[in-house]
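*Asks:* After the structure tokens below, expect a handful of questions from me.
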Amino acid sequence: MIRSTGCRIGSRLLSPFLGVSTYVWTSLIGVILGALSLGYLGEPASPDTWRATGDLGRLDEDGFLHVDGRKKQVLITAFGRNVSPEWVETALTSQPAIAQAVVQGDGKPALEAVLWPAHAAVPNEALATAISRANAGLPDYARVRRFVRAHVPFTVQAGVCTPNGRPQRRAIEAMHADAFATDSSAFDPVRHA
């Protein structure tokens, strides 16, 4: 546990407020809440209690806290654009041809998707058309450029979904890594990997 000592103007650093201490535990940022907070709604007041912020960060050698992102799933493309994969996945699954979608692309120039079609008979061309329709409502940095059909539906039994229905992104990415292993430096308009 390391304590932050201050802030620098004009940088991506968290500025601790008067009466609030900031700590970092293995890259997860927390704060000690004092007089500025009585706790969360529905919970008893608990001043001076550590609360996780959900941010990821690190302290530099001078004790300044750098906020590097959120613990939740956010992709940062090679161009530095932050994209919530759930946002893009919702756009994709709103298309009738796509039953399930997982978007990836952290550190890549464009996003890729692993798709489970609505029916086994849906051809790849129909999936590409569905992606193009979904992309029309998204900004350029959030558009899917490549896709692959999933090997299995995203279920608990297949080992790629949690019991509450959330995809296990790392398992899905690992399962389809070979399909996306080719050079992704120049993506064409939507294409099947």
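The values are calculated or read from the model by the stated rules, or taken from the named source; none is laboratory data. Everything quoted here is computed from the prediction, not taken from an experiment. As a convention, Cβ positions derive from the backbone with ideal geometry for all residues, glycine included, and neighbour counts pool all protein chains shown.
*Asks:* Scanning region 120-177 for residues that are within 22 Å of the chain's Cα centre (by Cα) and of a type in the set (Ser, Thr, Tyr), which turns out farthest from Val83 (Cα to Cα)?
*Replies:* Among residues in region 120-177 that are within 22 Å of the chain's Cα centre (by Cα) and of a type in the set (Ser, Thr, Tyr), the one farthest from Val83 (Cα to Cα) is Thr155.
*Asks:* Here is a follow-up. Could you tell me whether Phe147 is of a type in the set (A, V, I, L, M, F, W, C), touching a helix residue (DSSP H, G or I) at 6+ places or on another chain (Cβ under 8 Å) and exposed (fewer than 12 other Cβ atoms within 10 Å of the Cβ)? Don't jump to the end; show me each part of the working.
*Replies:* On the way: of a type in the set (A, V, I, L, M, F, W, C): yes; touching a helix residue (DSSP H, G or I) at 6+ places or on another chain (Cβ under 8 Å): yes; exposed (fewer than 12 other Cβ atoms within 10 Å of the Cβ): no.
Against the criterion (of a type in the set (A, V, I, L, M, F, W, C), touching a helix residue (DSSP H, G or I) at 6+ places or on another chain (Cβ under 8 Å) and exposed (fewer than 12 other Cβ atoms within 10 Å of the Cβ)), Phe147 does not qualify.
*Asks:* Can we say Arg191 is among the basic types (Lys, Arg), under 16 Å from Trp87 (Cα atoms) and either touching a strand residue (DSSP E or B) at 6+ places or on another chain (Cβ under 7 Å) or at pLDDT 95 or above (or both)?
*Replies:* On the way: among the basic types (Lys, Arg): yes; under 16 Å from Trp87 (Cα atoms): no; either touching a strand residue (DSSP E or B) at 6+ places or on another chain (Cβ under 7 Å) or at pLDDT 95 or above (or both): yes.
For Arg191, the condition - among the basic types (Lys, Arg), under 16 Å from Trp87 (Cα atoms) and either touching a strand residue (DSSP E or B) at 6+ places or on another chain (Cβ under 7 Å) or at pLDDT 95 or above (or both) - is not met.
*Asks:* For Asp60, only one of the following conditions fails: (1) of a type in the set (D, E, K, R); (2) closer than 23 Å to Ala181 by Cβ; (3) over 15 Å from the mean Cα position of the chain (by Cα). What is its number?
*Replies:* Going through (1) of a type in the set (D, E, K, R); (2) closer than 23 Å to Ala181 by Cβ; (3) over 15 Å from the mean Cα position of the chain (by Cα) one by one, Asp60 breaks only (2).
*Asks:* Which of the residues that make up region 111-143 are touching a residue at least 60 places away in the same chain (Cβ under 8 Å) and surrounded by fewer than 21 Cβ atoms within 10 Å (Cβ to Cβ)?
*Replies:* Asn124, Ala128, Tyr141
*Asks:* Let me confirm something: among Pro139, Pro109, Pro96, which residue is closer than 20 Å to Ala179 by Cα and either in the same structural domain as Pro167 (by TED's automatic domain parsing) or at pLDDT below 90 (or both)?
*Replies:* Pro109
*Asks:* So, one more: Would you check which residues across region 87-108 are within 26 Å of Ala121 (Cα to Cα) and of a type outside the set (A, V, I, L, M) and list them?
*Replies:* Of the residues in region 87-108, the ones within 26 Å of Ala121 (Cα to Cα) are 88-104.
Scanning region 87-108 gives Glu89, Thr90, Thr93, Ser94, Gln95, Pro96, Gln100, Gln104.
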